[in-house]
Each structure stands twice: as C-alpha cells, then as structure tokens.
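First the structure, in the form of structure tokens, and then the observations on it.
The values are calculated or read from the model by the stated rules, or taken from the named source; none is laboratory data. Every value quoted in this text rests on a predicted model; they were computed, and no experiment measured them. Every residue, glycine as well, gets a Cβ built from its backbone with ideal geometry; the counts of neighbours run over all protein chains shown. With ligands, DNA and RNA removed, areas are computed over all heavy atoms of the protein, side chains included. Shrake-Rupley method; radii C 1.70, N 1.55, O 1.52, S 1.80 Å.
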Amino acid sequence: MPLSMHSASVPVFVRMLSNMLVWLDKAEAHAKARKFDPANYLGLRLTPDMLPFTRQIQIASDAVKGCVARLAGLEPPKWEDDEASLDDLRARIRKTLDYAQSVPAAKIDGSEGREIALPRPTGGSVRFTGEVFLKHFSLPNFFFHVTMTYALLRQGGVELGKMDYLGAP
C-alpha cells in the first residue's frame, strides 16, 4: 500500500506532540527537584534574538493545525497565543492533538495535488501542491520548532535523551 498524505502527517505530528508532553512533565519534575519555578522555562532562548520557549511550542502547534487543515481543504483554526505556564502549554498541545485527530483521514488523503496558498505576512501568498507543502514546508517547520523546544529544555538542565525525542515505537 502506498504512503498516504494522512499517514505521512497526522501520526507523525501526534507522536512528536505526545513526546513534547512527556518533556514538559520532565521539565516540571526537574524544576521541582531543584526548587525553582517551572515558569523559568517559558522565556528560555539560545540567543537574545531567538523566539522564547513558549513561542516555539505555539509555532509547532500552529504548524500542525495549519498543515492538517490546509491539506483537508479547511480553514485553520485561530487560537490565541496566551499560554503563561507549563500547564497552559500542555493544554495547547492537547488541543492540537485533538484537532489533528479530529480531521478524517479521507479529507487529507488524495491532497498531494491540492493547491495550498499560504499567506505571507507582507502580503500575497506562496503556492504549493499539497505534497510539496507537507514534505518541504510543514514537516521541516514543525520539526524545527519541536527540536528548538527540546534543545531549550536540554540547555535548561532537563534530563532528556535521544529516546525522549524519538519516543517509544
């Protein structure tokens, strides 16, 4: 059976978002064991001009809902970026998981040739086929922000390893 657009997207997103929930639990446990406020993680950055930890998770979430919606021919849901705690970030991830899993596979499968118009902040849009959008924009963008989330937690002292990133098969 050939690889479908749904199987190349939603299960990948679900696995990594689920892994991120585990990382947040480990971050909270790390903070409590060392007696500091877990909110300290929210502003972590590798460099001063980098978006902070909270924004990395929000963008990863946006990448998922935007990809799934556009491949399904739907308008992506708009959510406020107002998370102010690890619990809020967990809720955002869970909301993203729920959304991604709510879109029927049949709406995503067959979207390889669907035209996707991604609005540019400066006006106009970038156009992709569904396959190019998934493989060369959405997945790389998602993994970039997931990896930054992981790296920021590691830099913050959270004991995470490669298998925490990859998750259990």
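Using heavy atoms of the protein chains and a probe of 1.4 Å, the accessible area assigned to Arg120 is about 120 Å². Length, then width, then depth: along the principal axes, the Cα atoms of the stretch 30-169 run 51, 38, 25 Å.
Choose one answer from Leu118, Leu86, Leu21: the residue with the largest mean-square fluctuation in a GNM of the chain with alpha-carbon springs under 10 Å. The residue with the greatest mean-square fluctuation here is Leu118.
Using the heavy atoms of the protein chains alone and a 1.4 angstrom probe, what is the accessible area of the chain per residue in square angstrom? All intermediate terms of the calculation are to be shown ahead of the outcome.
On the way: 8790 Å² over 169 residues.
Normalised by residue count, the accessible surface of the chain is 52 Å².
The residue among Pro76, Ile59, His30 whose Cα reaches farthest toward the positive pole of the charge dipole of the stretch 27-86, with charges on the beta-carbon of Lys, Arg, Asp and Glu, is His30.
Need one number: convex hull volume per residue for the stretch 101-169, Cα atoms only, in Å³. Could you put the intermediate results ahead of the total?
Details: hull volume 10.1 nm³, N = 69.
Value for the stretch 101-169: 146 Å³ per residue.
For the stretch 111-166, the share of accessible area belonging to carbon and sulfur comes to 58 percent (1.4 Å probe, ligands and nucleic acids excluded). Think of each Lys and Arg Cβ as +1 and each Asp and Glu Cβ as -1; about the Cα centre, that makes the dipole of the chain roughly 240 debye. Would you be so kind as to identify which of Met148, Pro121, Ser111 lies farthest towards the positive end of the dipole of the stretch 57-169, taking Lys and Arg as +1 and Asp and Glu as -1 on Cβ and the Cα centre as origin? The residue sitting most towards the positive pole is Ser111. Across the stretch 30-101, the convex hull enclosing all Cα atoms gives 102 Å³ per residue.
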